[in-house]
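The values are calculated or read from the model by the stated rules, or taken from the named source; none is laboratory data. In this text, all values refer to a predicted model and were calculated from it rather than measured experimentally. Here the Cβ positions follow ideal geometry from the backbone for every residue, glycine too, while neighbour counts run over all protein chains shown. For accessibility, only protein heavy atoms count, side chains too; no ligands or nucleic acids. Shrake-Rupley method; radii C 1.70, N 1.55, O 1.52, S 1.80 Å.
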Amino acid sequence: VVKFRRTGESSRSEEDGISGEHEVQIEGVRTELEPVELGDGAAVPKEFPNPTDDTFMVEDAVEAIGFGKFQWKLSVITGLAWANAMEMMILSILAPQLHCEWRLPSWQVALLTSVVFVGMMSSSTLWGNISDQYGRKTGLKISVLWTLYYGILSGFAPIYSWILVLRGLVGFGIGGVPQSVTLYAEFLPIKARAKCILLIEVFWALGTVFEVLLAVVVMPTLGWRWLLILSALPLLLFAGLCFWLPESARYDVLSGNQEKALATLKRIATENGAPMPLGKLVVSRQEDRGKMRDLFTPHFRWTTLLLWFIWFSNAFSYYGLVLLTTELFQAGDVCSISSRRQEVKAKCSLTCEYLTEEDYTDLLWTTLSEFPGVLVTLWIIDRIGRKKTMALSFLVFSFCSLLLFLCVGRNVLTVLLFIARAFISGGFQAAYVYTPEVYPTATRALGLGTCSGMARVGALITPFIAQVMLESSVYLTLLVYSGCCLLAALASCFLPIETKGRGLQESSHKEWGQEMVGRGSHSPGESQE
């Protein structure tokens with residue numbers, strides 16, 4: 001005999017007038033049921049997959065509400081923050097212009113680019129910590145407003161030292177913009193998460209393309225100062241729309257703001273025209289947020305170290321290819337590059353060459369290669385998983401780098417560079433999908449921030465390989481990039497956790513309903529790590 005008491009509306013039957021205790025005789029079933037006692041605040045064991053219909057967690061609500069009008073609006077607004085790629089792309093346009101206008105030596109031109117990456121590297125972990133401690137919306141708003149302010153101010157720089165400092169401060173702000181992915185991912189249901197985060201990356205590619213087109217129109221007429229000011233327009237639009245942007249419900253629950261989280265979920269349900277789950281929102285166990293030591297617990301230690309190397313390799317190879325592309329195009333092929341480097345050495349470091357219309361065209365074509373990278377990654381990431389997608393991207397890049405050893409013609413060279421950039425950018429996008437998924441809410445922003453910081457280290461080092469080492473040996477340079485990506489492919493395979501089809505983990509402690517596997521998202525025979 002099993003005794004049970006009706007406790008909520010979720011178990012209604014036709015006999016609504018009946019209440020109290022009821023007895024049901026079950027034939028052939030063991031009746032000695034052992035009671036299980038849980039201490040105060042203890043997690044419900046995984047053996048009880050649905051302890052009550054009268055409670056739900058944020059993950060359950062996000063899955064029940066699904067993807068709708070709210071997520072579409074959030075996609076556009078988050079994408080505007082992600083269009084800060086304009087502030088990065090402007091470096092390749094601004095450097096030769098200031099080189100000519102202010103008669104800067106080559107090392108000062110290079111320093112103008114490096115200082116932006118130094119700013120990004122030094123701030124990425126800080127913005128992640130702010131987002132975990134004070135909220136995703138707070139960290140993102142401050143970083144975007146910071147970037148907007150100093151981006152516009154750099155258009156009024158009177159001398160080189162001023163623009164050097166101001167662009168460094170712009171880089172400091174850009175270091176926080178990847179937190180838009182953290183906020184965005186926490187509002188997405190499992191099935192839509194990978195596709196949506198990848199499509200948000202399209203705004204990065206659109207930003208770079210728009211920057212080149214803007215430069216074609218603005219540079220000959222208004223000059224570089226107006227280009228710097230107008231390049232801040234997407235961030236200005238984002239700042240205006242920030243009032244609509246909600247705080248992450250997952251963060252609110254973890255920080256103890258249950259009512260605020262519930263109000264956010266109800267708002268999303270209303271905008272999407274979907275019903276809220278019945279019952280009471282369960283408050284997660286509160287814990288310290290944004291602590292670096294949590295990235296190195298036994299459960300996450302190897303994941304963190306491997307991800308740092310993967311992000312480093314992504315940026316190292318991506319920006320290295322961007323630098324190599326110009327050199328290889330100007331030389332015609334790898335075999336001709338050594339003689340060209342000797343000719344360049346003979347020139348004065350103050351030799352002035354403005355960007356031509358052909359240069360802008362080349363910039364545009366190489367930038368467009370990122371769109372096929374998004375499409376390929378979009379097609380395979382939910383089929384083969386996040387880890388294999390990253391590994392495949394690194395392998396293809398490495399293979400294309402080795403093929404450059406051959407003295408191929410201009411057309412084949414263009415195709416190889418196009419494929420290599422498409423796949424390395426796709427690998428970068430897959431890392432942006434995987435990283436927020438693998439860390440719990442308490443350290444998600446910090447995890448993404450530290451990974452982004454390691455990527456900037458790679459971006460800082462790569463000019464010494466793609467430009468300095470290239471003068472000694474082009475083959476050694478290509479070998480370094482190819483070898484680095486082979487190691488990154490292995491690191492991707494050795495990641496302990498595959499996040500495909502899994503819910504976002506709310507807590508560092510294993511709790512019912514939040515142990516990474518979303519309800520109904522896997523088949524009974526599917527393995528779970």
ask   = Does the range 100-121 hold any residues that are open to solvent by 20 Å² or more (accessible area, probe 1.4 Å) and either under 18 Å from Arg225 (Cβ atoms) or assigned by the TED database to the domain that holds Ala455 (or both), and which are they?
value = Glu101, Trp102, Arg103, Val109
ask   = Do we find that Gly175 is modelled with pLDDT of 80 or more and open to solvent by 10 Å² or more (accessible area, probe 1.4 Å) in this structure?
value = no
request  = Quick one: count up the residues across the range 226-252 that are of a type in the set (D, E, K, R) and either outside the structural domain of Ile152 (by the TED database) or part of a helix (DSSP H, G or I) (or both).
outcome  = 2
note = Taking first residues from the range 222-241 that are closer than 17 Å to Leu94 by Cβ and open to solvent by 20 Å² or more (accessible area, probe 1.4 Å) and second residues anywhere that are modelled with pLDDT of 80 or more and among the β-branched types (Val, Ile, Thr), the pairs with Cβ under 9 Å that are 6 or more apart or on different chains are Trp226/Val218; Ile229/Ile152; Leu230/Val218
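Let's see how each residue does on (1) open to solvent by 10 Å² or more (accessible area, probe 1.4 Å); (2) more than 27 Å from Val217 (Cα to Cα):
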| position | (1), (2) |
| --- | --- |
| Ala61 | no, yes |
| Gly66 | yes, yes |
| Leu98 | no, no |
| Ser123 | no, yes |
| Lys137 | yes, yes |
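Among residues belonging to the range 404-418 that are in a helix (DSSP H, G or I) and out of contact with any Gly (no Cβ under 9 Å at 6 or more places or on another chain), point out the one that is surrounded by the fewest Cβ atoms within 10 Å (Cβ to Cβ). Talk me through it step by step, then tell me what you get.
First, the residues of the range 404-418 that are in a helix (DSSP H, G or I): 410-418.
Remaining after also requiring out of contact with any Gly (no Cβ under 9 Å at 6 or more places or on another chain): 411-412, 414-418.
Numbers: Asn411: 8, Val412: 14, Thr414: 18, Val415: 13, Leu416: 19, Leu417: 22, Phe418: 18.
Filtering the range 404-418 for residues that are in a helix (DSSP H, G or I) and out of contact with any Gly (no Cβ under 9 Å at 6 or more places or on another chain), the one surrounded by the fewest Cβ atoms within 10 Å (Cβ to Cβ) comes out as Asn411.
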query = Within the set of pairs 6+ apart or on separate chains, which have a first residue in the range 147-158 that is surrounded by fewer than 17 Cβ atoms within 10 Å (Cβ to Cβ), a second that is assigned to a helix (DSSP H, G or I), and C-beta atoms under 9 Å apart?
reply = Phe156/Trp162; Phe156/Leu166; Phe156/Arg225; Phe156/Leu228; Phe156/Ile229
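Considering only residues that are touching a Pro at 6+ places or on another chain (Cβ under 9 Å) and hydrophobic (A, V, I, L, M, F, W, C), which ones fall in the range 86-110? Reasoning before the result, please.
At the first step, the residues of the range 86-110 found to be touching a Pro at 6+ places or on another chain (Cβ under 9 Å) are 86, 99, 109-110.
Those that are touching a Pro at 6+ places or on another chain (Cβ under 9 Å) and hydrophobic (A, V, I, L, M, F, W, C): Met86, Val109, Ala110.
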inquiry  = Looking at the structure I just gave you, is Ile142 among the aliphatic types (A, V, I, L, M) and open to solvent by 50 Å² or more (accessible area, probe 1.4 Å)?
reply    = yes
key: Which numbered condition Val170 fails, given (1) over 17 Å from the mean Cα position of the chain (by Cα); (2) under 24 Å from Gln429 (Cβ atoms); (3) open to solvent by 30 Å² or more (accessible area, probe 1.4 Å)   = (3)
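Would you mind finding the one in Ser452, Ser401, Ser425, Ser482 that is crowded, with 24+ Cβ neighbours inside 10 Å and either assigned by the TED database to the domain that holds Lys137 or farther than 30 Å from Arg193 by Cα (or both)?
Working: Ser452 fails: either assigned by the TED database to the domain that holds Lys137 or farther than 30 Å from Arg193 by Cα (or both); Ser425 fails: either assigned by the TED database to the domain that holds Lys137 or farther than 30 Å from Arg193 by Cα (or both); Ser482 fails: crowded, with 24+ Cβ neighbours inside 10 Å.
Exactly one of Ser452, Ser401, Ser425, Ser482 is crowded, with 24+ Cβ neighbours inside 10 Å and either assigned by the TED database to the domain that holds Lys137 or farther than 30 Å from Arg193 by Cα (or both), namely Ser401.
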Residues of the range 258-283 satisfying the condition of being more than 17 Å from Asp54 (Cβ to Cβ), touching a residue at least 60 places away in the same chain (Cβ under 8 Å), of a type in the set (Gly, Ala, Ser) and surrounded by fewer than 18 Cβ atoms within 10 Å (Cβ to Cβ) = Gly273, Ala274
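Does at least one position in the range 41-58 carry a residue that is modelled with pLDDT under 80, aliphatic (A, V, I, L, M), within 30 Å of Ile461 (Cα to Cα) and in contact with a helix residue (DSSP H, G or I) (Cβ under 6 Å, 6 or more places away or on another chain)?
From the range 41-58, those modelled with pLDDT under 80 are 41-58; that's our starting set.
If we keep only those that are aliphatic (A, V, I, L, M) as well, we get 42-44, 57-58.
Within this subset, residues satisfying the condition of being within 30 Å of Ile461 (Cα to Cα) are none.
Looking for residues that are modelled with pLDDT under 80, aliphatic (A, V, I, L, M), within 30 Å of Ile461 (Cα to Cα) and in contact with a helix residue (DSSP H, G or I) (Cβ under 6 Å, 6 or more places away or on another chain), one finds none in the range 41-58, hence no.
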